[in-house]
Amino acid sequence: MAMYITEECIACGVCEPECPRGCISPGDIYVIDAECCTECVDEGGPKCVEVCPVDCIHKKED
């Protein structure tokens, strides 16, 4: 279970502080560490998705 950020990311940075586990890192686009991400299942759903202004964060399908 993990979320990922697509190339549509505008690197606005609003997702990074929303991650309760600190799984999001900045770069040319932001990146979610799949080893760390739990899709915020204990917090009611992915917090990063809720705040992304360009809808570029999606659930990684296995």
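Just so you know, all these numbers are worked out from the coordinates, no wet-lab data involved. Keep in mind that what you see is a predicted model, and the values were worked out from it rather than measured. Here the Cβ is made from the backbone with ideal geometry for all residues, glycine too, and neighbour counts use every protein chain on show.
Can you compute the charge dipole magnitude of the chain about its Cα centre, using +1 on each Lys and Arg Cβ and -1 on each Asp and Glu Cβ, nothing else charged? Give it in debye, rounded to the nearest 20.
100 debye
Kindly write out, for the stretch 48-61 in residue order, the coupling ³J(HN,Hα) from the Karplus curve 6.51 cos²θ - 1.76 cosθ + 1.60 (θ = phi - 60°), rounded to whole Hz, with x marking Gly and Pro.
Going residue by residue, I get 5, 5, 4, 9, 5, x, 10, 6, 9, 10, 9, 6, 7, 8 Hz, with x marking Gly and Pro.
Using Cα pairs closer than 8 Å and at least 6 residues apart in sequence, work out the relative contact order for the chain, in percent. Can you show the working numbers first?
On the way: 101 pairs, mean separation 28.8, N = 62.
Over the chain, the number comes to 46 percent.
How large are Rg and Dmax for the chain when calculated on the C-alpha trace, in angstrom?
Calculated on Cα positions, Rg and Dmax stand at 10.2, 29 Å.
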